[in-house]
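The values are calculated or read from the model by the stated rules, or taken from the named source; none is laboratory data. Only a predicted model underlies this, so the values are computations on that prediction, with no experimental measurement involved. Ideal geometry is used to build each Cβ from the backbone, glycine not excepted, and the neighbour counts take in all protein chains shown. The area values use the complete protein model at the heavy-atom level, side chains included, leaving out ligands, DNA and RNA. Shrake-Rupley method; radii C 1.70, N 1.55, O 1.52, S 1.80 Å.
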Amino acid sequence: MPTAVIVDAVRTPGGKRNGRLKDWHPVDLAAHVLKALQERNGLDPSIVDDVICGCVMQVGEQSLNIGRNAVLAAGWPESVPATSVDRQCGSSQQAVHFGAQGVIAGAYDVVVALGVEVMTRTPMGASVVQGMGFPFPQSQQDRYADTGLPPQGIGADMIADEYGLTRADLDAFGAESQRRAVVALEEGRFDREIVPVPIEVDGKAELHTTDEGIRPGTTVESLGNLKPAFKEDGKITAGNSSQICDGAA
């Protein structure tokens, strides 16, 4: 049985909503990573058996098989196939799993697992198109009649309640996560994996190289001053939850 190995892993810096990556078309952002992967490894893209791209909101700029569109935008040969998968927040991870499974099964020799989401331009919920029906049929709604089908933020608050997690617990976890991220940033642990992204700031060209979700100086006290983000009496805030909205890997 073949063994699947990861040869290289590259990504853009993570961006925040309306942040430094907001002007990038998601297809071009994904293509930017594909080209970097090619250049870093001296890769002949014609040997790639498949490109599997995870993407949640496959609508608008991210519709019509964004994985295939990224392959073409990167200038790779038309002979390189690609597909897009949606497992919601696990979409990019699923792309990696499918790629590894294909190698182990003997279907692939070389496969690229990719993920992209630019929520500034294709916001959460955008794939629920007005006037074209509701994604949850009555049978599904009936199954969850007691709780409804809450959005992710409300769901996080429900999980915190179920497992007895307090606001102090979550703020402490968030502050420690930020502290570790700052240490990793200062020690250069992200340098090898990050592909600089050209952007324009105030009419001047720059290279975006740092994750926007990292906030040096974050403390339990500073998080404690934030209002709940989803419920008036909730425990989830914009500070103790994930902040990455735009990026490709």
- [ ] Please go through region 159-188 and pick out each residue that is surrounded by 13 or more Cβ atoms within 10 Å (Cβ to Cβ), aliphatic (A, V, I, L, M) and without any contact (Cβ under 8 Å) to a residue 12 or more places away in the chain.
- [x] Ala184
TODO: Among the residues of region 204-247, write down those that are within 20 Å of the chain's Cα centre (by Cα), of a type in the set (D, E, K, R) and open to solvent by 60 Å² or more (accessible area, probe 1.4 Å).
DONE: Arg215
- [ ] Please work out which one of (1) of a type outside the set (D, E, K, R); (2) more than 25 Å from Ile214 (Cα to Cα); (3) in a loop (DSSP other than H, G, I, E, B) is the condition Thr122 fails and give its number.
- [x] (2)
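Can you tell me how many residues in region 192-203 are in a loop (DSSP other than H, G, I, E, B) and surrounded by 10 or more Cβ atoms within 10 Å (Cβ to Cβ)?
Of the residues in region 192-203, the ones in a loop (DSSP other than H, G, I, E, B) are 192-193, 195-196, 202-203.
Next, only the ones that are surrounded by 10 or more Cβ atoms within 10 Å (Cβ to Cβ) stay: 192-193, 195-196.
Adding up the residues that qualify gives 4.
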Task: Inter-residue pairs, beta-carbon under 6 Å, first polar (S, T, N, Q) and in region 49-73, second open to solvent by less than 40 Å² (accessible area, probe 1.4 Å) and part of a helix (DSSP H, G or I), 6+ apart - done: Gln62/Pro26; Asn69/Val27
TODO: Can you give me the number of residues within region 197-210 that are touching a strand residue (DSSP E or B) at 6+ places or on another chain (Cβ under 8 Å) and either without any contact (Cβ under 8 Å) to a residue 60 or more places away in the chain or among the charged types (D, E, K, R) (or both)?
DONE: 5
TODO: Scan region 51-85 for residues that are in a loop (DSSP other than H, G, I, E, B) and not small (Gly, Ala, Ser) and jot them down.
DONE: Cys55, Val56, Met57, Gln58, Val59, Leu64, Asn65, Trp76, Pro77, Glu78, Val80, Pro81
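Can you tell me which residues in region 19-42 are in a loop (DSSP other than H, G, I, E, B) and without any contact (Cβ under 8 Å) to a residue 24 or more places away in the chain?
Hit for region 19-42 is Gly42, nothing else.
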Open item on the list: Within region 145-158, take every residue that is open to solvent by 40 Å² or more (accessible area, probe 1.4 Å) and part of a helix (DSSP H, G or I) and give me the one that is farthest from Gly224 (Cα to Cα).
Closed with: Gln152
